[in-house]
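The structure appears right after this line, and notes come after that.
The values are calculated or read from the model by the stated rules, or taken from the named source; none is laboratory data. What you see is a predicted model, and the numbers here were worked out from it, not measured in a lab. Here the Cβ is made from the backbone with ideal geometry for all residues, glycine too, and neighbour counts use every protein chain on show. For accessibility, only protein heavy atoms count, side chains too; no ligands or nucleic acids. Shrake-Rupley method; radii C 1.70, N 1.55, O 1.52, S 1.80 Å.
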Amino acid sequence: MEFRSVAERICGDIVLSEDTGEALRKWRGIFNATQSELAKKIGVSPSVISDYESGRRKPGSAFLKKFITALIELDGEKGYQVLSKYRYFIEGDQTAILDIAEYQKSAEIREFCEAVEGETLTDFEKAIHGHTVVDSINAILSLNAFDFYRLYGLTSERALIFTRVSTGRSPMVAVRVSNLKPSAIVLHGLNATDVDEMAIKIAEIERIPLIVTGMDVKEMIKRLRRKFA
């Protein structure tokens, strides 16, 4: 199977990260690989992997190539459980998905709300491990029931941020009927008083934090990536 686009995405994420060691650890975790498995595949000792992840060594292009190749090969030995899912997102239709990111460290609801200058309508303690920013109008026009699961990226423990919403009812109904539940829902461009009562009720039933924000979308994405990704 050809996964060049995925490999390039992983490499870019690591290179652009402010903490490359943490990024290496994140991707190893996403692929469910131990330091020992990865070290054996690359041909080094586990302590070398530990050095890179702790920041004692800085990865060059040669190591990154070996690192990513090893992750892909290990996943191949498991039937491409991770890559099949991730490639489908990267190479699929992106008109409905404005941004998607996996976080290097989990975010609490409080600090996530501060980052997006949001107001919480339902308050539940959840850990957020990533976000997906969705153009609600394009999602309605282009995503089918199966495509909806692409919004979750590599984990459902993420914030789904819906832009161009009028009342928030439709996104919450979609979440209600889905088997996967996000860690939080953000309705962009609404005031708290504009949110449909049914949307709030569903959030309470599903125990999902519901947040509203009016922050500029590009600024919001930039801030979330800088703080958590």
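Hey, which of the strands (runs of 3 or more DSSP E) in the range 87-139, taking only ones fully inside, have at least 3 residues that are within 21 Å of GLU8 (Cα to Cα), in contact with a strand residue (DSSP E or B) (Cβ under 9 Å, 6 or more places away or on another chain) and modelled with pLDDT of 85 or more? Show your work before the answer.
Values: elements: 97-108, 119-122, 127-135.
Of the strands (runs of 3 or more DSSP E) lying wholly inside the range 87-139, those with at least 3 residues that are within 21 Å of GLU8 (Cα to Cα), in contact with a strand residue (DSSP E or B) (Cβ under 9 Å, 6 or more places away or on another chain) and modelled with pLDDT of 85 or more span 97-108, 127-135.
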Flagged pairs (Cβ under 9 angstrom, 6 or more apart or on separate chains; first in the range 194-218, free of Cβ contacts under 8 Å to residues at least 12 places away in the same chain; second in a helix (DSSP H, G or I) and buried (at least 22 other Cβ atoms within 10 Å of the Cβ)) are LYS201/MET172
Any hit, the range 140-152, residues being at pLDDT 90 or above, closer than 30 Å to ALA23 by Cβ and open to solvent by 30 Å² or more (accessible area, probe 1.4 Å):
no
For VAL165, all conditions in the list (1) buried (at least 19 other Cβ atoms within 10 Å of the Cβ); (2) at pLDDT below 90; (3) part of a loop (DSSP other than H, G, I, E, B) hold save one; what is the number of the exception?
(2)
(1) polar (S, T, N, Q); (2) modelled with pLDDT of 90 or more; (3) in a helix (DSSP H, G or I); (4) within 25 Å of GLY214 (Cβ to Cβ): which one isn't true of THR69, the others all being true?
(4)
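Does the range 32-61 hold any residues that are at pLDDT 90 or above and not in a helix (DSSP H, G or I), and which are they? Walk me through how you get there before you give the answer.
Step one: filter the range 32-61 for residues at pLDDT 90 or above, giving 33-61.
Once the filter is applied, which keeps residues that are at pLDDT 90 or above and not in a helix (DSSP H, G or I), the range 32-61 yields ALA33, THR34, GLY43, VAL44, SER45, GLY55, ARG56, ARG57, LYS58, PRO59, GLY60.
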Just need a number here: residues in the range 184-193 that are in contact (Cβ under 8 Å) with a residue 40 or more places away in the chain, surrounded by 17 or more Cβ atoms within 10 Å (Cβ to Cβ) and either among the hydroxyl-bearing types (Ser, Thr, Tyr) or not in a strand (DSSP E or B) (or both).
0
